[in-house]
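**Student:** Below is one structure. I have some questions about it.
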Amino acid sequence: KLPQKPTTKVVGSSHHANVMKDYLKQLFSYRWHLGTVAWFLMRLTGLALALYLCLHLGVIFYFSKSSQTFAVFLAAKEHVFIKVLESLLVFAVCYHAGNGLRLILIDLGIGIPWQKHLFIGVLVLSLILSIIFLYPVWYG
């Protein structure tokens, strides 16, 4: 008997939509654990800091061309939206650095029994440090 020719199934856009719908359904039904939250926040803050670095270099380059453009920058820096972004930046730096130290302790085997406690400590310490550093930005 001759082997049968395999049939090829044409995958349409409706198939891709169903796959995406199933993926999103599974993603949002996933039960998030503290370790997952720590992992996600580490990636999110890392991306935010990388984006900030690129934007910061561009802004420095653009506004350092003349004293007039620098005056525009100083005026824009006082806008509430910029202050909110600065607040998020300070929290991202504090969290990313603190969680990095937590991960080093875990990699060394020292922090393994206290992973969850260290994560909560990093969050609380990041919030406290952010408030201390940002008090002059908002009220100074």
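**Student:** Within the accessible area of the chain, what % is carbon and sulfur when the probe is 1.4 Å and the other protein chains stay in place?
**Tutor:** On the way: 8340 of 11440 Å².
After summing per-atom areas, the C and S share lands at 73 percent.
**Student:** Given a 1.4 Å probe, how much area per residue of the chain is accessible, in Å²?
**Tutor:** On the way: 11440 Å² over 140 residues.
For the chain, the per-residue accessible area is 82 Å².
**Student:** Can you list residues from other chains, or at least 5 along the same chain, whose modelled amide H is less than 5 Å from the amide H of Gly111?
**Tutor:** Under 5 Å from the amide H of Gly111 lie the amide H atoms of Ile106, each far enough along the sequence or on another chain.
**Student:** Order of 83-95, 101-113 by packing, highest average Cβ count within 10 Å first? Can you show the working numbers first?
**Tutor:** Values: 83-95: 16.9, 101-113: 12.8.
Order by mean packing, descending: 83-95, 101-113.
**Student:** Relative to the first principal axis of the alpha-carbon coordinates of the chain, what is the inclination of helix 13-29, with its axis defined by its Cα atoms, in degrees from 0 to 90 and to the nearest 10?
**Tutor:** Tilt relative to the chain: about 60 degrees.
**Student:** Between rounded, prolate and oblate, where does the range 28-87 land on the alpha carbon gyration tensor, with a ≥ b ≥ c its root eigenvalues, rounded for a/c under 1.5, else prolate if a/b exceeds b/c?
**Tutor:** Details: a/c = 5.14, a/b = 2.68, b/c = 1.92.
Verdict is prolate for the range 28-87.
**Student:** How much accessible surface area, in Å² rounded to 10, belongs to the heavy atoms of His117 with a 1.4 Å probe?
**Tutor:** About 140 Å², ignoring ligands and nucleic acids.
**Student:** Compute the projected area of the convex hull of the Cα atoms of the chain, averaged over all viewing directions, and report it in nm² to one decimal place.
**Tutor:** On the way: hull surface 70.2 nm².
That works out to 17.5 nm², a quarter of the Cα hull's surface.
The values are calculated or read from the model by the stated rules, or taken from the named source; none is laboratory data. Computed from a prediction, not measured in an experiment: that's the story for all the values here. Positions of Cβ are backbone-derived with ideal geometry, glycine not excepted, and every protein chain shown enters the neighbour counts. Surface accessibility is based on the protein's heavy atoms, side chains included, excluding ligands, DNA and RNA. Shrake-Rupley method; radii C 1.70, N 1.55, O 1.52, S 1.80 Å.
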